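Have a look at the structure below before the remarks.
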Amino acid sequence: MSKITVDDKACILCGACANVCVSAQVYDIGSRAAVAARPEACWGCGQCVSVCPVDAIDHDDFPLDKCPPIDERHLPPIDDLVNLFRSRRSNRTFSDRDVSRDLVRELVSIGRWAPTASNNQGLDWVAIDDRTRIAELSGATVRTLLRWAGWARNPIARLAMRLVLGRENAQAAWRSLAGARSLADRARDGVDPIFYRAPVLLIGHTKPRSPFSRDDTIYATYNLMLAAERRGLATCQIGLFQLPLARSRKLRRAASLPEDRVPQVCLVLGYPQYQFRRVVLRRVPDLVWNPR
C-alpha cells in the first residue's frame, strides 16, 4: 500500500485532489486540509500529485523531484501537432543502417506515457534485431499463412472461422489468406514480404484476459511511432505477423514470447530508404450530433 500524506499547512482546501480521484475516492476534505483517508484504494495514477496547486501531497509512488511541473512553453502548438500527425507514414522500404538499442529503449520508454485502463501499465515489449532471426520469422509466417489458406478452402473450416472470428473478421481473414500464395512467390524471389527487411521487430504483449489491453497497446504504440518519426526512423505495423503470432504456439516460441503473455501489436522500425516529401489526403469522417 502506498504511503500518502497531505501537508495541512500547505493545503488550501481547493478539493482538486478529491475531485480527480473520483473513482478511487482516496481523499476526504477535512476542516483544515484534505486527508488521504483510504490510501489502500489508490490506483497509483498520480492524478492527485499532478493537480495539486501547492504541492501539498506527499505520495510514495510520485516524489515531486521525479514529477516536474508541466511547462506550457515546451508543448507544441496545435498546428505543429497536426503537422506531425499528418507527416507520419507507414514505411515499407528500409535502408541497411542498423538502429541502436539505446534508441529502441528510448522509444519504448516514450510509449509508456500513453494512458492505460485502470492505470494497469501492463504493456511490455520483445525486441528482435537479429536480421537472420527476423528472416526466419518471416519465412515461418509465410508457411503458416499458406497452411491456413489450405484449411480455408474447406467449407467446414470456413464456417468455423466465421463462428470464431465473426462474419466481417472472417471475410477479412479470407482475403488475407487468398494472398498467401503471392507472399510465398515473393519470398522465393528473395523479397521479405512480411517485415520488408527492417532491422528491428517489436512485439508488444500484455497479460491475457484483460479487456482493454489492445486499446492500451495501440495508444502506446502510436506514441512510439510518432517519436520514432522525429528520431528519423520509419515504422510500420505488421498485421500479417500479429494475427498468426496470436494463434500459433510455434511462432510464439520462435519469437521468444513469454508463455503467459498475449501479443497485441507487431511493428518494424528502421531508417527509411526514401523520405516522404508531401502529406496526403484523408477522408473527413462523418460526424452526427445527438443521433436518434
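The values are calculated or read from the model by the stated rules, or taken from the named source; none is laboratory data. Predicted model only: the values in this text are computed from it and were never measured. Cβ atoms come from the backbone with ideal geometry, glycine included; neighbour counts cover every protein chain shown.
Here are the numbers for the structure shown:
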{"read-out": "Any pair with Cβ under 6 angstrom, 6 or more apart, that starts in segment 241-254 at a residue that is not assigned by TED's automatic domain parsing to the domain that holds residue 197 and ends at one that is exposed (fewer than 13 other Cβ atoms within 10 Å of the Cβ)", "value": "none"}
{"read-out": "Qualifying position, being within 30 Å of residue 235 (Cα to Cα), touching a residue at least 60 places away in the same chain (Cβ under 8 Å) and assigned by TED's automatic domain parsing to the domain that holds residue 215, among 132, 116", "value": "116"}
{"read-out": "Unmet criterion (only one of (1) crowded, with 20+ Cβ neighbours inside 10 Å; (2) assigned to a helix (DSSP H, G or I)) for residue 223", "value": "(1)"}
{"read-out": "Boolean, residue 174 is part of a helix (DSSP H, G or I), assigned by TED's automatic domain parsing to the domain that holds residue 247, among the hydrophobic types (A, V, I, L, M, F, W, C) and modelled with pLDDT under 65", "value": "yes"}
{"read-out": "Candidate set: segment 74-102, residues that are crowded, with 16+ Cβ neighbours inside 10 Å and among the hydrophobic types (A, V, I, L, M, F, W, C); chosen: the one nearest to residue 46 (Cα to Cα)", "value": "99"}
{"read-out": "Subset of segment 20-35 (residues that are in contact (Cβ under 8 Å) with a residue 24 or more places away in the chain and either closer than 17 Å to residue 119 by Cβ or assigned to a loop (DSSP other than H, G, I, E, B) (or both))", "value": "20, 21, 32, 33"}
{"read-out": "Sole exception among (1) among the acidic types (Asp, Glu); (2) exposed (fewer than 12 other Cβ atoms within 10 Å of the Cβ); (3) under 16 Å from residue 225 (Cβ atoms) for residue 71, by number", "value": "(3)"}
{"read-out": "Test result for residue 248, more than 28 Å from residue 97 (Cβ to Cβ) and among the small types (Gly, Ala, Ser)", "value": "yes"}
{"read-out": "Lone unmet requirement of (1) buried (at least 20 other Cβ atoms within 10 Å of the Cβ); (2) of a type outside the set (A, V, I, L, M); (3) closer than 20 Å to residue 193 by Cα for residue 239", "value": "(1)"}
{"read-out": "Condition check for residue 246: under 30 Å from residue 119 (Cβ atoms) and surrounded by fewer than 17 Cβ atoms within 10 Å (Cβ to Cβ)", "value": "yes"}
{"read-out": "Count - residues of segment 44-82 that are more than 21 Å from the chain's Cα centre (by Cα) and in a helix (DSSP H, G or I)", "value": "14"}
{"read-out": "Unique residue being at positive phi, touching a Phe, Trp or Tyr at 6+ places or on another chain (Cβ under 7 Å) and not small (Gly, Ala, Ser) when the list is 196, 271", "value": "196"}
{"read-out": "Matching residues in segment 23-43 - criterion: being under 12 Å from residue 4 (Cα atoms) and either acidic (Asp, Glu) or over 25 Å from the mean Cα position of the chain (by Cα) (or both)", "value": "26, 27, 34, 35, 36, 37, 38, 39, 40, 41"}
